[in-house]
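See below for the structure under consideration.
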Amino acid sequence: MRLCVINTGGTIGCTGSPLAPLPAAKFADACRSMLDPVIAQQFPGVQITYRTDLTFPGSRSGTLDSTNLQPADWCRMAGYILKHYAECDGWIVLHGTDTMEFTGAALPFLLSSFSKDGAVTAALSKPVILTGSQLPMFREDSKTRQLSLNSNSDAVQNFYGAVAAAQTGIPEVCLYFDGRLYRGSRIRKTSTARPDAFSSPNFPPLGEYGTQFTIAPGRALPPPADRVSLDNPSVRNNAIAQLDYIAAHINNYPVMPFSAFPAWYGANSGLIAALIDACVAQGVKGLILQSYGAGNFPSGNPDDPAQGAAYQALARANVNGVVIVNCTQVLEGAVGSDYAAGAWLPAVGALGSADMTPSASLAKLMILLTAAGYSGNQWNAAEVKTLFQRNLLGEMSE
Ligand code: ASP
């Protein structure tokens, strides 16, 4: 099996204090000399190529702390995978943990295409396994600049685990971390320091690495039919054309999270209302409301939500074409309309997000809004909203 490793950055490839990314070529050389002998023994038949020609503009090392990744960088990663798709049988993407959940959600959509009724028209046929670590893979000697393996790091285990996960051939974008394989669009970073940094509160792990690697039956996406598989060069060329369009236009479709928080409001005004108006004035095209509980958001008027300043600001945003999504800030569960404090949201156009994570909602909406204008799609606003509320790739429950 031919595996390609892309290093986008993150702690796994950092050294020093404060931690900063190593140049991808130096990291790759160290992996070749220190990890490959173990891989050759433990995973016979796996050939690893460390790619170092995917670089991120604005960074001297070519790699980034994931804090600094922008939506266009998701497109850069997806574009690299698509353009080199035929050269390997699986991908390992090394990535910082801080924004892993955004990339984990964006890549599946960028590596696929859909018709306006949600049928998949291009789909992954190979594994794309994201991984990273809480501690760096290598230490650098401050005098000689020589690297040595950091024996106390989770990086080594996560790297080998990602290799094992890729060997299963699972045809989707996943995260391997601390013995578990998760669907990329379902993850949340839930610890800043523990080795089990990630959880997937609304969808169980796809697989686990114990004595052997096991994939839970019936949980992964099925392999695509030939006519929509990215193995098929014409399908792939269409996906590349759409992705090139998205990469060129995604900055025109900013979507932002907007958390409910305890804030003052009065008869006709309030802080939340003023902030929503300011977001719309800045050109935001989508608002992911991170509401309280099962989907409750302060309207600015507890007895008559329609008279509330926040309600009215959201209604103005909706009239101006901003897509509003109701998504809970609670880690686990879905949004509904059980309470009067949230049941008003559909009246201002807010879409339900079911049990999607806020990061998945943000990435999905941004990509659908951008892809709508692609010549092969031409989706209108209602079609984008319908697609958003459909389960396209396992990112939400039916
Ligand atoms: N700040 C780092 C990053 O996200 C954290 C990590 O990789 O764990 O790139």
Among residues of region 256-300 being over 16 Å from L351 (Cα atoms) and of a type in the set (V, I, T), the residue nearest to the chain's Cα centre (by Cα) is V284
Quick one: is Q389 out of contact with any helix residue (DSSP H, G or I) (no Cβ under 6 Å at 6 or more places or on another chain) and surrounded by fewer than 18 Cβ atoms within 10 Å (Cβ to Cβ)? yes
Can you pull out every residue in region 163-207 that is surrounded by fewer than 15 Cβ atoms within 10 Å (Cβ to Cβ) and away from the ligand (no atom under 16 Å from the Cβ)? P204
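What strands (runs of 3 or more DSSP E) lie completely within region 132-238 and have 3 or more residues being over 24 Å from A360 (Cα atoms)?
138-140, 147-149
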Every residue in region 62-71 that is out of contact with any helix residue (DSSP H, G or I) (no Cβ under 6 Å at 6 or more places or on another chain) and either in a helix (DSSP H, G or I) or within 12 Å of the ligand (Cβ to nearest atom) (or both), please. L64, D65, S66, T67, N68, L69
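How many residues are surrounded by 14 or more Cβ atoms within 10 Å (Cβ to Cβ) and over 20 Å from A274 (Cα atoms) if we restrict to region 299-332?
The qualifying residues number 4.
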Tell me which residues, restricted to region 2-41, are in contact with a helix residue (DSSP H, G or I) (Cβ under 6 Å, 6 or more places away or on another chain), more than 12 Å from the ligand (Cβ to nearest atom) and in a loop (DSSP other than H, G, I, E, B). L22
Tell me, please, whether a residue that is under 27 Å from L111 (Cα atoms), in contact with a helix residue (DSSP H, G or I) (Cβ under 7 Å, 6 or more places away or on another chain) and within 13 Å of the ligand (Cβ to nearest atom) can be found in region 44-56. yes
Could you list, in sequence order, the residues of region 148-162 that are under 19 Å from T8 (Cα atoms) and in contact with a helix residue (DSSP H, G or I) (Cβ under 6 Å, 6 or more places away or on another chain)? A155
In region 330-346, how many are of a type outside the set (F, W, Y) and in contact with a helix residue (DSSP H, G or I) (Cβ under 7 Å, 6 or more places away or on another chain)? 1
Considering only residues of region 94-105 that are in contact with a strand residue (DSSP E or B) (Cβ under 9 Å, 6 or more places away or on another chain) and in a helix (DSSP H, G or I), which is nearest to the ligand (Cβ to nearest atom)? M100
From the option list N268, N296, single residue qualifying as at pLDDT 95 or above and either under 19 Å from N252 (Cβ atoms) or of a type outside the set (G, A, S) (or both) is N296
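For (1) closer than 23 Å to P23 by Cα; (2) touching a Cys at 6+ places or on another chain (Cβ under 8 Å); (3) within 16 Å of the ligand (Cβ to nearest atom); (4) modelled with pLDDT of 95 or more, each residue gets a yes or a no:
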position	(1), (2), (3), (4)
Y80	yes, no, no, yes
E87	no, yes, no, yes
S115	no, no, no, yes
V128	yes, yes, no, yes
D141	yes, no, no, no
S151	yes, no, no, no
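The values are calculated or read from the model by the stated rules, or taken from the named source; none is laboratory data. Computed from a predicted structure; not experimentally measured. Backbone-built Cβ (ideal geometry, glycine too); neighbour counts: all protein chains shown.
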